[in-house]
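Right, one structure below, let's go through it.
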Amino acid sequence: MNFNQLEYLFLLFICILGTHILRNNTIQKILLLIASLYFYAWVDVRFLPLLLVYVFVTYGTMLALKSQHNSPNKLCKYLCYVAITLLLGILVLFKYTNFLLETISAIFGRRPTVVHMFLPLGISFITFQCISLIADVYKGKEIPCSLIDTALITCFFPKLVAGPIVRIREIHTQLIEEKKLQPKEIYYGLRQFTIGLFQKILIADHLSSFVNKVFENYAVFDYLTLWVAAFCYTIQIYCDFCGYSNMAIGSARMLGFHINENFDWPYLSQNITEFWRRWHISLSYWLRDYVYIPLGGNRKGKLRSYFNQLLTMVLGGLWHGANWTFIVWGIWHGLLLCSHKLWSQRRNTIHPTNTIIRSVCIILTLLCVMFGWIIFRANTCQQAYCIIKRMFLCQKGVFWCNPFHIGIILLVFIWHILKELRLDKFMELPYGSLFSYTILFTMIWLIILFHPVEFTPFVYGNF
């Protein structure tokens, strides 16, 4: 069930109406939990028991950690390791079995064995969500939640498929408060949902058809078309995932929950470190807190910190999918982060104040990210290499570009320029303004009028 389906809008409406009518906090949470389980079962009911396994393992572990928290032995530590190993084992089983078999077969020169299995919806995000709950309780940062609260944090349908990943401290107080929905909160949630829907349908889905055709037939097209396709995919994946996050956060807000923003204009970053603080914020901080820091962070010398940074990004790349392209993409970003850390240690300032230098830094960072997206999008490392090679060797071929796609690129470019110049105040769309209602109505009208022929699944829904 995608956010742009009528079935989802109907489910969301029922939940908003039910939350408004039911004034008991426990009953409100039960309603949302039932809706979340229905949302998950809609895709494939066979994986519903797997989701419940995640819930009960997480809750049981947190409960056991609470009872053993003051124990002098290492039972808490071992219990935490067992639970996390079990959750990661389930993830590896469903997501990486064929990748491991293919890799082993390639090493020994044998024909690969393919195991036919479906990838459960949102299993990567669910796994990371549960690990963060267990780890925070183990470290003593948070207290365990009740069973229903644990289930709702894990299964809450707006964020179930592709995050954002939430921490206990961010949502626990909201779970114990009775939801009293207000028109102003409904408006702000609906505003963010509409903006996300606009990003997904009118921008990402329209660019998707062009990008897919160019990447699948890259040898036919000339270098200019490949450059345009690379820029289009850079915009597509941003609008696709940022659009999803906006719809998820907007849906949650209409239900009375405030979830932290997941994107902060990442393509205006002046360096790659800043980019990862502004792109997929919940995942970036998850990797920092539960991978980079436990590996030693920067506490064990410079060389070790570079190694930890590189390994964290490789694991982050592998998390995105069972393909060598994701591993190479992780290596690329790991090397960029290490290079920037080495460079910034030799400079007095990280953020230049000169406008021209700032602009150059933003452009260079964007280009580095764009080449990473080419690797990310390609089916194989060989395909990514050939595309980048054709782009730089200016090889000839068919030039194909739709003016509509150029218009989208210019629109997004102007949109970011206004943000950088702080001229975007009119885009805030405050509550009660006729201008705000007019813009939102126009966006919905444009979505209906220029909807793509074929809707594409959310990119991060596959992870």
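For this structure, a couple of remarks:
- Entry note: region 232-356 has Rg to Rh equal to 1.01, where both radii use alpha-carbon atoms and Rh is the Kirkwood radius.
- Potential extension, Lys139-Ile356 segment - 0.36 nm per residue separation minus Cα distance: 73.6 nm
- Convex hull volume per residue in cubic angstrom - Cα atoms of region 1-72: 109
- Taking the inverse of the mean reciprocal distance over all distinct Cα pairs, the Kirkwood hydrodynamic radius of region 85-148 comes to 14.1 Å.
- Nearby lysines by direct alpha-carbon distance to Lys141 (threshold 27 angstrom, same-chain neighbours under 8 apart not counted): Lys29, Lys66, Lys74, Lys77, Lys159, Lys179, Lys300
- Taking a quarter of the surface of the Cα convex hull of the chain gives a mean projected area of 25.2 nm².
- Diffusion constant of region 154-253 at 25 °C, which comes from Stokes-Einstein with the Kirkwood Cα-pair radius and 0.890 mPa s, µm²/s: 157
- Given charges at Cβ of Lys, Arg, Asp, Glu: the chain dipole, positive-most of His258, Gly122, Thr380: Thr380
- For region 427-450 versus region 339-417, the spacing of their alpha-carbon centroids is 31 Å.
- Karplus 3J(HN,Hα) series, Hz, for region 90-97 with 6.51 cos²θ - 1.76 cosθ + 1.60 (x for Gly, Pro): 5, 4, 5, 4, 7, 9, 10, 4
- Whichever aspartates and glutamates have a C-alpha closer than 19 Å to that of Lys419, once near sequence neighbours (fewer than 8 apart) are set aside: Glu261, Asp264, Glu274, Glu428
- Ranking of Trp286, Trp343, Trp265, Trp319 by count of other Cβ atoms within 10 Å, fewest first: Trp343, Trp265, Trp319, Trp286
- Size descriptor, Kirkwood hydrodynamic radius, that averages inverse alpha-carbon separations across region 6-181, Å: 17.9
Readers should treat all values here as calculations from the given coordinates under stated rules, not as data from a laboratory. Remember, predicted model here, so these are calculated numbers, not experimental data. Cβ coordinates were reconstructed from backbone atoms using ideal geometry, including for glycine residues, and neighbour counts include every protein chain displayed.
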